[in-house]
2 protein chains.
Amino acid sequence: MDEQRSTPGTWSGTGTTGGPQDPGAAAPDALLEELVGLAAYTELATFGLLASRSVDAVDLATRQTLAEAAAGSLERQGRLLGLVAADGRSAAAVMTPFAGAFADFDARTSPGSWSEGLLKGVVGHGVAQDLCRELAAGLSGAGSGAFARAYDEPAPGGWATTLLADAAAGDSVLASRLALWGRRVVGEALGLVQTVLGEHPRLARLAARARAAGTGDAAAAPGTTTEPGQDADVLAWLLQRLTAEHTRRMDRLGLAA
Amino acid sequence: MDEQRSTPGTWSGTGTTGGPQDPGAAAPDALLEELVGLAAYTELATFGLLASRSVDAVDLATRQTLAEAAAGSLERQGRLLGLVAADGRSAAAVMTPFAGAFADFDARTSPGSWSEGLLKGVVGHGVAQDLCRELAAGLSGAGSGAFARAYDEPAPGGWATTLLADAAAGDSVLASRLALWGRRVVGEALGLVQTVLGEHPRLARLAARARAAGTGDAAAAPGTTTEPGQDADVLAWLLQRLTAEHTRRMDRLGLAA
């Protein structure tokens, strides 16, 4: 079942760069639009996850809190889409390349309880958010700052984190179960990152640029069109960073990563 | 199964008015708070209905549209809650009297398809919205105007109506099924109106005042504390008005009421 995701070479968007048809060498606006598409689609997915846990919440206060968190995701999505709206790009057009991208992830992480469903939202959204922030470092010039401003408002998952941390703190059996579940979800999420970058060469290019910017590799830093580093190195670097952030997230939840 | 709902006399909040303990003779602020609680809880329920239909929408554009409509319901709820927030009343405190009020309605109207689920949202929210508007006519003074301003923004169900009307226009079998489903949902919704007024004497008092205001019965109009008209008359008047609005709504959908 892991075949599609783990096939070596699927994450090879930057391996054939250089030609005039290479999407990885697209104009900076195209890179921004691709990242906005991913981030906006992620917020829409998070809206759905949080709203679903609002609908079946155990009490009215939780229901209200999660509804507001879901609406917060959609507000953030609106700010992101605003970055490319001036180019006449509709929400649907920008997100369409990612439609259905999470279907496999969803099927593999069907939650067994309300808490698991909420943790899936927190972990899944957390990884996606960290990914988008890392990739944004590969944008050049105005796009990078604009994306950061649209994205860096308080994350809507904050309340959900508080709800889960409180629940876990009061129930060690639940905490153990959630820790196990969190490891499963993050494993699938990191696999999905690999798949998404494999299917979207522009995002893979952003990852390579981001790494170059972080490591001082001027030849591949944002603003250049030079060939960045090797795919495998970039992927390893990215997954290491996403894993570290996930560990911090689980710490905040009081759960073993 | 209809026993609780249809028992004569459950809707008798105004039948014993006059004493110092009578909740129907509460201060105008208490009447406003009760109506805000009902309207805010309704918007939260509508948020859930629309968000759920966003999650399983057939295409990305529909998913986005319904997510935005759901968020619109929550915005409207925020404006309503703002009307009583100055009194230090939290969202949960104001809505708590209505927690679970729709559980029976939900159990009786479990949709058999995505379209039925969406129509349930449009009809259920429509009836609730019409009810709140009618009851608001029973508020006196500043409360009435403030409620109308918070409530009279474009209803978030507009897009859902367009989606359903388009679907029904292109499929006569679906249109027939939805028309039948709409009659079932509105029947349950009108039964729920009776139950809610029976359980919330302040709302029943608002209904009596609203009718008096509409028919020129000065003795029971807003701003007085005189005994309003008979329960049964008021209920018949209210249901007639809600039914008429429902017929117009189904016309807009292109469905037989």
Looking at (1) touching a Leu at 6+ places or on another chain (Cβ under 9 Å); (2) at pLDDT 90 or above, which one does A:A160 not meet, given that it meets all the others? (2)
Among residues of segment A:107-132, those that are assigned to a helix (DSSP H, G or I), out of contact with any Lys or Arg (no Cβ under 8 Å at 6 or more places or on another chain) and surrounded by fewer than 18 Cβ atoms within 10 Å (Cβ to Cβ), counted: 2
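When segment B:52-102 is examined, which residues are found to be under 30 Å from A:G100 (Cα atoms) and of a type in the set (D, E)?
B:D56, B:D59, B:E68, B:E75, listed by residue number.
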Just one of the numbered conditions (1) modelled with pLDDT under 95; (2) more than 20 Å from A:G158 (Cβ to Cβ); (3) not aliphatic (A, V, I, L, M) is not true of A:R76; which one? (2)
Number of positions in segment B:49-63 that are within 9 Å of chain A (Cβ to nearest Cβ), surrounded by fewer than 24 Cβ atoms within 10 Å (Cβ to Cβ) and assigned to a helix (DSSP H, G or I): 5
Here is a check on your reading of the model: is B:Q77 part of a helix (DSSP H, G or I), facing chain A (nearest Cβ under 7 Å) and not charged (D, E, K, R)? no
Residue, farthest from B:R133 (Cα to Cα), within segment B:97-118, restricted to residues that are at the interface with chain A (Cβ under 10 Å from one of its Cβ atoms) and touching a residue at least 12 places away in the same chain (Cβ under 8 Å): B:A99
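The values are calculated or read from the model by the stated rules, or taken from the named source; none is laboratory data. What you are looking at is a predicted structure, and each value in this text was computed from that prediction instead of being measured. Cβ coordinates were reconstructed from backbone atoms using ideal geometry, including for glycine residues, and neighbour counts include every protein chain displayed.
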